[in-house]
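To start, the structure itself, in structure tokens.
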Amino acid sequence: MISKLLKGDWINQILTPKVSDIQLHEKLRQARQHLPIPVFWLLGKTQSGKSSIVQALTSSSRAEIGQGFRPCTRRSFVFDFPDSETAFVRFLDTRGLGEAGYDPAEDMVWCQSQAHLLMVVIKAMDHELDGVLAAIRAIRHSRPEWPLLVIQTCLHEGYPHKSTEHVLPYPYAADQFASNCPADLARSLNVQRQHFKDLNAQFVAVDLTQEQDGYVPADYGLDALWSAIELALPTGLRQMLLQNRAQRDQLNDVYLQHAYPHILGYAISCGLLAMTPVPAASVPLVITAQGKLFHSIASIYGLPLTRRSVYEVTSAIGIGGLSFGLGVRELAKFVPGWGSLIAGLSTAAITYALGMTLCYYYAQTRQGHAFSPEMLKAVYDDQLQQGRELLKDRFSKGAQS
């Protein structure tokens with residue numbers, strides 16, 4: 001029965017998933033409990049630029065950000081990316097920080113068991129920081145191991161004139177700023193950093209604006225922000241949120257940036273499902289989740305998911321090898337502890353590679369480019385390796401927790 005499901009019926013399962021949405025969502029909810037979702041805790045005053053940071057990091061629209069936050073405590077709101085069902089990163093936004101009487105204890109209880117990066121967001125020209133500093137010190141006293149990143153925003157407010165342009169190349173990466181930086185802005189940034197000198201903080205300065213504001217680039221300092229995040233919390237989250245430049249060059253398709261969060265979300269979800277200790281019990285759910293990923297990608301590209309498209313992709317990568325891989329991973333579960341980890345990571349990597357290969361297939365189809373089974377196989381093999389590297393830390397941490 002399992003052999004038939006793995007081989008003969010796999011394409012049918014992709015085209016017509018048989019597990020109900022209710023059952024799938026419940027299993028995904030249970031599976032996600034195995035691993036905590038990393039939390040980026042954004043602390044800062046209202047209008048300090050926290051939502052702009054979330055927008056820049058996730059490439060979500062302002063509307064998506066505005067509608068995506070939901071309350072989780074009396075003073076804080078949470079935004080799951082890409083969504084609440086497939087989230088692999090979570091943003092916690094504490095509102096009204098700096099106002100009298102804020103006590104971070106409730107927010108700390110809410111997220112104390114989750115991975116953290118504290119991101120303190122302050123406007124570059126703001127020096128009324130007593131409330132912010134008091135809250136940060138209280139958090140650091142209880143959880144000194146949490147990394148702290150201070151993000152100084154709205155740099156243009158420190159420019160001498162509205163027509164002043166950004167200094168290029170970006171000059172704020174080091175502690176000593178370039179001599180051509182606006183003097184008042186540089187002085188203000190340094191004074192703010194002195195306030196945090198006893199908190200073991202890292203610093204980054206950004207100016208995230210809208211195109212209509214007239215500043216070029218609109219995401220000034222975003223690369224420096226990513227570098228600071230990766231230094232403070234080395235989990236490779238940049239690759240989990242945005243496809244890297246090599247992938248963009250290879251796939252060359254604007255639809256990918258919309259499909260990529262779905263691919264990562266479903267890859268992690270399938271991996272978690274595959275970690276179910278009972279061999280073969282997770283196979284139908286994994287196939288169903290992969291089928292839903294295929295349908296999501298087809299919808300994004302505006303092309304039908306047909307038997308031919310599924311067949312061309314799976315035959316190129318080798319459906320027999322895929323079936324054998326599923327069987328081996330189920331047998332690995334007999335190895336206590338690490339067997340489930342191997343099954344989860346391998347399934348997640350395969351799901352990631354399948355999604356990326358289907359994106360390549362649809363990209364070439366939309367653009368009318370010719371491609372061969374060998375090209376699809378090369379893309380799949382490359383993305384399978386990238387998927388393993390991308391996801392191994394997450395699953396190894398889950399096995400150790």
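The values are calculated or read from the model by the stated rules, or taken from the named source; none is laboratory data. Bear in mind the structure is a predicted one, so any value in this text is a computation, not a measurement. Cβ placement follows ideal geometry from the backbone for every residue including glycine, while neighbour counts extend to all protein chains displayed.
Results, tabulated for the structure shown:
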read-out	value
Residues within segment 131-168 that are assigned to a loop (DSSP other than H, G, I, E, B) and among the hydrophobic types (A, V, I, L, M, F, W, C), tallied	4
Positions within segment 240-261 being at pLDDT below 55 and either within 15 Å of the chain's Cα centre (by Cα) or exposed (fewer than 14 other Cβ atoms within 10 Å of the Cβ) (or both), in sequence order	M240, L242, Q243, N244, R245, A246, D249, N252
Cβ pairs under 6 Å, 6+ apart, first in segment 160-181 and polar (S, T, N, Q), second part of a loop (DSSP other than H, G, I, E, B)	N180/V167
The one condition in (1) under 28 Å from the mean Cα position of the chain (by Cα); (2) part of a loop (DSSP other than H, G, I, E, B); (3) modelled with pLDDT of 85 or more that E128 fails to fulfil	(1)
Output for segment 293-319, where each listed residue is without any contact (Cβ under 8 Å) to a residue 60 or more places away in the chain and touching a helix residue (DSSP H, G or I) at 6+ places or on another chain (Cβ under 6 Å)	S296, I300
Filter result for the condition that a residue is modelled with pLDDT of 85 or more and in the same structural domain as H161 (by TED's automatic domain parsing), over L264, L222	L222
Count of segment 182-200 residues which are of a type outside the set (G, A, S), in contact (Cβ under 8 Å) with a residue 60 or more places away in the chain and not in a loop (DSSP other than H, G, I, E, B)	6
